[in-house]
1. What does the charge dipole of the chain about its Cα centre add up to, to the nearest 20 debye, if the Cβ of each Lys and Arg holds +1 and the Cβ of each Asp and Glu holds -1?
2. Counting pairs of alpha carbon atoms under 8 Å apart in space and at least six apart in sequence, what relative contact order in percent does the stretch 18-191 give?
3. Counting only other residues whose beta carbon sits under 13 Å from that of Asp139, what net charge do I get with K and R as +1, D and E as -1?
4. Can you give the angle from 0 to 90° between the axis of helix 222-233 and the longest principal axis of the chain, with both taken from C-alpha atoms, to the nearest 10?
5. Round to the nearest 10 and give me the degree value, 0 to 90, for the angle of helix 120-134's Cα axis relative to the longest principal axis of the chain.
6. Place a +1 charge on the Cβ of each Lys and Arg in the stretch 1-65 and a -1 charge on the Cβ of each Asp and Glu, then give the dipole magnitude about the Cα centre in debye, rounded to the nearest 20.
7. Counting residues in the stretch 18-191 as N, plug N into 2.2 N^0.38 Å and put the Cα Rg over that result.
8. Helix-only mean residue ellipticity at 222 nm, the chain, DSSP H runs n ≥ 4 weighted -39,500 (n - 2.57), per residue, nearest 500. What is it?
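Each value in this text was obtained by applying a stated rule to the coordinates, not by laboratory testing. Quick caveat, the model's predicted, so the values are computed rather than measured. For neighbour counting, all protein chains shown are included, and Cβ atoms are generated from backbone atoms with ideal geometry for every residue, glycine included.
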Amino acid sequence: MSDTAYPVTPRNKVKRLHERGRYDRETVHAILDTAMLCHIAYVIDGQPYCTPTVFWREGDHLYWHGSSASRMLRAQKPGLKVCLTVTHMDSLVLARCGFNHSVDYRSVMAFGTAAIIDDPEQKARALSAMIDRFYPGRDATLRPSSVQELKATMLLGMEIEEASGKIRAKGVGDEEEDYALPIYAARIPVHQVLGEIEPCPRLMPGVARPEGLAGFTPGRRLDEVMTETAALVYAE
């Protein structure tokens, strides 16, 4: 496996509009690191499922967690082939014909074999790393998770065996002869933006907002904040 790019195989090769495909680690990791939510696709007894969940990346490994009672997670205990996907919709594209209407986006498909992490120390470390991945320095300020809480949480991870990114960032792309038509066309940017913070009404007097949350300010784009926190925690 290349140090700078994931291998291109029949499984991860972008076949339609292949010029949009990206296999370099820098691009793939950047798209993953701008997200907090992913979708994981897998097959159990011939039935396909796709589950949304919070995830995070450490190097070439992806992690996610959920309830120990989860059927999806329990099914992955012996090792299950999965496809983890992330998509950012960056704009709506209105063209001069229906065929050319589109969206600008950044996406990743990552392939691997999910495995449950049972070792208590490794599990506790990874769950602490999840908190600090999104909110730098926060884990040290929290009440430690109880034995029962850790037991009720299942942690899974996978090494990224293959991955591909796909990006559309062209805006309006009409047929050349259509540009002369008197039809409105435009690109409408779409962003997830942080709203006003709502402190817990039962917050104890004198409890200040931690410095690690300084980047979470109203009006900022969530993908930018996620990129910023990733750089702080996992400087590569």
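1. Working: 28 positive and 31 negative charges, 136 e Å.
I would put it at about 660 debye.
2. Working: 314 pairs, mean separation 52.5, N = 174.
Across the stretch 18-191, relative contact order equals 30 percent.
3. Values: positive: Arg125, Arg133, Arg138, Arg143; negative: Asp132.
Value of the local net charge: +3.
4. 50
5. Tilt of helix 120-134: around 50 degrees.
6. Details: 8 positive and 8 negative charges, 75 e Å.
Dipole about the Cα centre, nearest 20: 360 debye.
7. Numbers: Rg = 20.1 Å, N = 174, 2.2 N^0.38 = 15.6 Å.
Relative to the rule-of-thumb radius for its length, the stretch 18-191 sits at 1.29.
8. Working: 5 runs with 46 residues, N = 236.
Only helices count here, giving -5500 deg cm²/dmol.
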